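Every number in this text was worked out from the coordinates using simple rules, so none of it is lab data. Quantities reported herein were computed from a predicted structural model and do not represent experimental measurements. No Cβ is skipped: glycine too gets one built from the backbone with ideal geometry, and neighbour counts run over all protein chains shown.
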Amino acid sequence: MSAAPAEMKENAEANAKWLDAHYDPVANLYTFSPCIALADLQGDGDNKLVVGDLGTGVCSMKLKVYRGTSLMSENTLLDLPTGLVSFFMDQHEPRTPAIAVASGQFIYIYKNLRPYFKFTLPTLEVNPLEQDVWSQAKEDMIDPMSLKEMLEGIRDKADIALSVRSLKFLMLDPQEAEAFVHLHKQQPIRRQTVITCISTLKKNMADEDAVSCLVIGTESKDVYVLDPEAFTILSKMSLPSAPTLMDVTGQFDVEFRITVACRNGNIYILRRESPKPKYCIELTSHPVGLVRVGKNVVVGCAQETLQGYTQKGKKLWTVYLPAPVTAMGLMDHHGRGFQAVLVGLANSEVHLYRDKNLVSTVKTPDVVTSICFGRYGREEGTLIMTTKGGGLMVKILKRTAVFEDRDMAPGPPLAQSIRLNVPKKTKLYVDQTMRERENAVAMHRAFQMDLSRLRLAVARAYVKALESSLTPMSSSLSEPLKMNAVVQGLGPSFKLTLNLQNTATCHPVMNLAVSFLYDQTLYSMRNAFFQVPLLVPGLNYPIDTFVECLTDKGISDIIKVFVLREGKSAPLLTAHINMPVSEGLALS
């Protein structure tokens with residue numbers, strides 16, 4: 001009982017925003033979003049609906065033009081259309097756009113609803129091994145079975161793919177192979193690719209009626225930019241896989257970005273003067289829809305998800321859908337400055353998303369296969385949809401419609417998804433803790449390595465000091481001594497006091513001498529060498545001497561003190577005394 005009121009409430013909300021203008025369930029329109037466009041074909045301000053109809057998939061492919069609710073004209077297409085765009089190809093008056101229909105290896109240009117020009121993709125390089133094999137077949141040097149075996153070997157190992165003729169031959173039964181070879185062996189081999197997607201790129205101005213270039217993606221993993229007047233190739237870019245969906249923004253002469261969804265499940269972003277992709281977005285499932293909203297890219301995936309990315313490939317959000325995606329389109333209402341993404345689902349619903357928020361849901365009588373929003377006739381906000389059964393549906397956005405910027409889908413509140421304004425120091429601390437958590441083992445090993453190196457360096461320095469007697473305490477067990485020095489005075493005369501102490505418990509120390517080493521141009525001493533009396537254990541023996549500073553330049557130096565033992569060349573103790581600057585001479 002609770003499901004029915006909820007459904008009635010959804011229908012009431014949809015009716016409050018959309019006006020049902022037209023629905024023809026037997027319009028016999030079978031198409032998808034890249035093959036539908038709105039264009040002012042006659043320059044009278046009355047936009048028409050242009051549809052590339054797939055027909056039955058084998059025949060009845062047509063280019064249909066609708067005015068209002070009635071069919072205005074139709075042209076027969078020779079092959080299945082893969083894309084359709086309207087664009088301005090010149091500056092001639094009156095300003096009427098042309099229609100470009102991609103079909104097979106051709107682009108058919110229509111102007112004023114009449115055929116105007118046909119562009120053919122350039123042929124590809126033929127495998128020389130394949131050419132040689134067919135030449136042998138032409139001269140009856142090999143039979144059809146040998147030809148088939150050789151072509152299978154080339155297909156498995158060669159870098160260049162086989163032509164369509166060879167691929168068709170490999171699919172035939174043995175009884176049909178001989179007739180096929182006899183029919184085609186005299187004809188030259190050509191390897192032709194087909195168009196998989198098409199879009200437009202402004203040439204040098206961003207105006208709505210500016211001249212635009214055609215951008216096409218091909219099965220041979222290439223993207224071409226065509227000149228709008230001469231239809232020559234202005235630029236060629238390569239992709240790792242065949243493109244299936246495409247979105248283009250910018251200007252060819254200034255800067256542009258081409259966002260391409262490929263058959264390998266990745267999205268690549270091409271930029272000006274870059275023959276290879278600049279960025280790559282790796283998806284978890286294959287893309288089935290691609291729409292650019294502002295500077296972000298919204299991708300519909302086969303795993304029933306809708307994902308948002310920046311133009312550099314950073315993932316922003318993910319929305320889980322109740323059913324698989326069947327069609328996607330951009331809702332750009334210029335009058336309101338409102339942009340959102342229209343998503344057709346397999347459960348006969350159309351969801352309207354602004355960023356990750358579901359702002360509206362439209363129920364449809366059948367599964368939607370294509371979506372287009374824009375100006376139709378003279379009505380600004382028109383939503384046009386075709387259904388799986390061939391129906392045509394037109395809805396008009398009410399002028400009183402208001403889309404609340406909150407998520408209508410059940411789940412946690414919107415405030416939960418708002419990112420906190422974290423201070424820089426806190427963010428830095430969190431980043432550091434995350435780095436320490438992820439690299440704990442490596443950081444601990446580096447710390448232990450540095451600590452071991454520090455201990456080794458300290459031990460080496462200590463051993464060197466002991467061996468050179470550079471420490472103020474003696475390391476000898478027979479003469480355990482300790483010494484410190486005190487400098488008194490302002491200068492130029494200083495009193496230097498040495499305090500010697502025998503740290504032994506019961507053995508006196510004798511036959512010691514003290515020697516001073518200093519710069520004789522800076523200092524002079526009354527006695528630079530004198531004998532030390534017997535040192536009784538535990539007593540402090542002060543030894544005084546006077547130092548005269550000889551310079552008035554305000555500089556000082558180090559005086560080295562050596563405690564010597566008669567009969568030994570190495571000193572027992574060494575001390576370096578940093579002499580102060582002579583303030584008396586400096587003042588005078």
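Here are some notes:
- Relative packing of peptides 19-27, 260-268, 429-437 - highest average C-beta neighbours within 10 Å first: 260-268, 19-27, 429-437
- For the peptides 450-463, 172-185, the ranking by packing is 172-185, 450-463, with the highest mean count of neighbouring Cβ atoms within 10 Å listed first.
- Put simply, the convex hull of the Cα atoms in segment 501-588 casts, on average, a shadow of 6.6 nm².
- Working note: Cα gyration tensor of segment 194-297, eigenvalues times five, square-rooted, sorted largest first, giving semi-axes of 22, 15, 12 Å.
- In order along segment 230-235, the Karplus-derived 3J(HN,Hα) couplings, from 6.51 cos²θ - 1.76 cosθ + 1.60 at θ = phi - 60°, round to 8, 6, 9, 7, 7, 8 Hz, and Gly and Pro are given as x.
- Met72 long-range amide H proximity, modeled H, under 5 Å: Val65, Tyr66, Arg67
- 0 to 90° range, to nearest 10: angle between helix 440-468 axis and the chain longest Cα axis: 20 degrees
- 30 Å tail of the calculated P(r), the chain, as % of Cα pairs: 69 percent
- Nearest 10 degrees, 0 to 90: helix 424-438 Cα axis against the chain principal axis: 90 degrees
- Neighbour net charge for Ala346 - beta-carbon separation under 15 angstrom, K R +1, D E -1: -1
- Cβ crowding within 10 Å averaged over residues, with 222-235, 484-497, 528-541 ranked highest first: 222-235, 484-497, 528-541
- Rounded to the nearest 20, the size of the Cβ-charge dipole of the chain about its Cα centre is 1520 debye, with Lys and Arg at +1 and Asp and Glu at -1.
- Backbone geometry of segment 84-94 corresponds, through the Karplus equation with coefficients 6.51, -1.76 and 1.60 at θ = phi - 60°, to 3J(HN,Hα) couplings of 8, 9, 10, 7, 8, 9, 7, 9, 5, 9, x Hz, x marking Gly and Pro.
- Charge-dipole axis of the chain as Lys and Arg at +1 and Asp and Glu at -1 on Cβ define it, positive-most pick from Asn499, Leu342, Phe447: Asn499
- The lysines whose alpha-carbon is closer than 25 Å to the alpha-carbon of Lys148, local same-chain residues fewer than 8 away aside, are Lys138, Lys157, Lys168, Lys185.
- Taking the longest Cα principal axis of the chain as reference, the axis of helix 128-138 is set at about 30 degrees.
- All other residues whose Cβ lies under 12 angstrom from that of Arg165 are scored, Lys and Arg at +1 and Asp and Glu at -1, for a net of +3.
- Net charge of Cβ neighbours under 10 Å - reference Val394; Lys, Arg +1; Asp, Glu -1: -2
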